[in-house]
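Take a look at the structure set out below.
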Amino acid sequence: MSTTAPTPLDVHLEHRFADALPELAMAWQAEDVPAATLLTLNEEHALELGLDPAHLRSPAGLGLLTGTVVPAGATPVAQAYAGHQFGGWSPRLGDGRALLLGELALPDGRMRDLHLKGSGRTPFARGGDGLAAVGPMLREHVVSEALHHLGIPTTRALAVVATGREVRRETLLPGALLARTAASHLRVGSFQYARSLGDPALLRRLADQAIDRHHPDARTAERPYLALLEAVTAAQAALVAQWMLVGFVHGVLNTDNVTISGETIDYGPCAFLDAYDPATSFSSIDEGGRYAYGQQPTVTLWNLARLAEALLPLIDDDEEQAVALATASLEGYSATYTARLDAGMRRKLGLPEGLADDVANALAADLLALMRETGVDHTSFWRRLSAAARGDAEPARAMVLDLAAFDAWCERWRAVDPDPAVMDRHNPVYVPRNHLVEEALTAATGGDLGPVRTLIDVLAAPYDERPGLERFAQPDPDGGAGFRTFCGT
Ligand code: AMP
Ligand code: MG
């Protein structure tokens, strides 16, 4: 496509990150794409961004979505960051195969990063080839959009474009790029990197960017950088609570995959729970279960502690005082997390507003114990409870082993008059079930995009049960035991 390069799309991309933080931004270009083919386009999101879907489908649009024909004045950069990966410190990670094309100013005034993944090697690529395969990029599209429609903050998928280039993994796979947007790509690892450079002015500039972009109330706080830490802590606590409520397992919660904005980012070996068990870990590279479902609240606090360490020089000149203040602020995490989780559990159980906390908490805890004992399918069990609130307990009852315990629990629960309509709005019918995602990605890798597109459509309205979609609501007929996800990168 480089021989007859089309005129770039008329899109204005800002370069505020590149301008404000040159130490973290390496100007770079996307690799050429032999034969770009649009596999998915998120038209709804394009319109939110003020982009015309028809333009994005044109040769100039594909130029933008592959980074090969960028708008005049744009400054694509690879971002530098560091991170703790599975607890081990990596001083220099950065975008090895990704580029920030720039920031889009939305019609409503917000800013969103436009970012590519799979756009070729950068100086941060280390041993990697800089590329991505069709399957993992479509996987990010499917799962990130599912989270969005479940009401969970996340980066958004704009498009997946096949490159026509083969990518060598265990086998040769068709290559692709993902174009995604984010509130920003500032990560805990961005702060760790800035701190590691030992330049307090840079760290302050980075923190100021984060405040301006995500947590503007911190600006007027008595201690703005402590307030930033508090705001990120609250946003992350709320995010993890939402993951826990729907049974989402991120899979690789390294500090470079934890945003300052509170959006879910970097969909690698992520998956949804089938059988309810807090020890569930799907990722083939997470042998110790560090990032298992039930570990996510704890490990997120650990990640926030790394952010706090990075921010110390901005919090107070006296290190002891800075540590005391940061520690006190991290203590807010568990209260926020618990409050968010408990409020969500109340909605999942349809509990009335005024119900006492101890009653509500005991109902939730006892139900989870029953679910765990049987290893019930998380999504369908919760949804079937609505029928129990409407008077038909049998569908849920049929899923548990200890019928007497379930009946006793049900009697206590129904005595508080749960509202099934509230439950239906908070217990999804459709989540990206592992077997459905695998089936759709396998078809797409073989050239058939039908199943992926259907899955994306189904997951766009996860709470609305629709006739004909029964198989999307059901657990894996083969049981799904031992399902593994691979970074697939
Ligand atoms: P991730 O596991 O996707 O969060 O990536 C961790 C780090 O590895 C980041 O610095 C990525 O940019 C880099 N990386 C992952 N895959 C590749 C690849 N195929 N080529 C170059 N860098 C990569
Ligand atoms: Mg990452």
Handout entry: Residues located in segment 31-86, provided they are polar (S, T, N, Q) and under 30 Å from Glu309 (Cβ atoms)
Key = Gln79, Gln85
Exercise for the section: Check whether at least one residue in segment 114-133 is surrounded by 23 or more Cβ atoms within 10 Å (Cβ to Cβ), touching a residue at least 12 places away in the same chain (Cβ under 8 Å) and more than 16 Å from ligand 1 (Cβ to nearest atom), and report yes or no. Expected result: yes
Exercise for the section: Please enumerate the residues belonging to segment 159-195 that are in contact with an Asp or Glu (Cβ under 8 Å, 6 or more places away or on another chain), among the basic types (Lys, Arg) and in a strand (DSSP E or B). Expected result: Arg168, Arg180, Arg187
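Table: residues versus (1) outside any strand (DSSP E or B); (2) surrounded by 16 or more Cβ atoms within 10 Å (Cβ to Cβ); (3) over 25 Å from the mean Cα position of the chain (by Cα); (4) not assigned by TED's automatic domain parsing to the domain that holds Arg97.
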| site | (1), (2), (3), (4) |
| --- | --- |
| Ala5 | yes, no, yes, yes |
| Gln29 | yes, no, yes, no |
| Ala35 | yes, no, yes, no |
| Leu65 | yes, yes, no, no |
| Thr68 | yes, yes, yes, no |
Exercise for the section: Taking Gly251 as the residue in question, decide whether it is within 16 Å of ligand 1 (Cβ to nearest atom), surrounded by fewer than 22 Cβ atoms within 10 Å (Cβ to Cβ), among the small types (Gly, Ala, Ser) and within 15 Å of the chain's Cα centre (by Cα). Expected result: no
Practice task
Would you be able to tell me the number of residues in segment 323-359 that are of a type in the set (A, V, I, L, M, F, W, C) and assigned to a loop (DSSP other than H, G, I, E, B)?
Solution key: 4
Handout entry: Top-ranked residue in segment 271-295 [being within 16 Å of ligand 2 (Cβ to nearest atom) and modelled with pLDDT of 95 or more; ranked as nearest to Val240 (Cα to Cα)]
Key = Tyr291
Handout entry: Hits in segment 181-195 (condition: charged (D, E, K, R) and either away from ligand 2 (no atom under 12 Å from the Cβ) or open to solvent by 10 Å² or more (accessible area, probe 1.4 Å) (or both))
Key = Arg195
Exercise for the section: Identify, by number, the condition in (1) small (Gly, Ala, Ser); (2) within 16 Å of ligand 2 (Cβ to nearest atom); (3) modelled with pLDDT under 95 that Ala157 doesn't meet. Expected result: (3)
Handout entry: Positions within segment 444-473 being surrounded by 14 or more Cβ atoms within 10 Å (Cβ to Cβ) and more than 19 Å from Tyr267 (Cβ to Cβ), in sequence order
Key = Thr454, Ala461, Tyr463, Glu465, Leu469, Phe472, Ala473
Exercise for the section: Could you list all residues from segment 258-280 that are of a type in the set (Gly, Ala, Ser), in a loop (DSSP other than H, G, I, E, B) and open to solvent by 20 Å² or more (accessible area, probe 1.4 Å)? Expected result: Ser261, Ala279
Problem - Residue selected from segment 84-99 under the condition part of a strand (DSSP E or B) and within 12 Å of ligand 1 (Cβ to nearest atom), by the criterion farthest from the chain's Cα centre (by Cα) - result: Ser90
Handout entry: Failed criterion for Ser284 (all others in (1) farther than 30 Å from Ala132 by Cα; (2) open to solvent by 20 Å² or more (accessible area, probe 1.4 Å); (3) out of contact with any Gly (no Cβ under 9 Å at 6 or more places or on another chain) hold)
Key = (1)
Exercise for the section: Look at segment 101-116 and say how many of its residues are in a strand (DSSP E or B) and of a type in the set (Lys, Arg). Expected result: 1
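The values are calculated or read from the model by the stated rules, or taken from the named source; none is laboratory data. Model, not experiment: these values are computed from the prediction. Cβ sites come from the backbone with ideal geometry, for glycine too, and all protein chains shown count toward neighbours. For the accessible areas, the whole protein counts, side chains as well, though only heavy atoms, and no ligand, DNA or RNA atoms are used. Shrake-Rupley method; radii C 1.70, N 1.55, O 1.52, S 1.80 Å.
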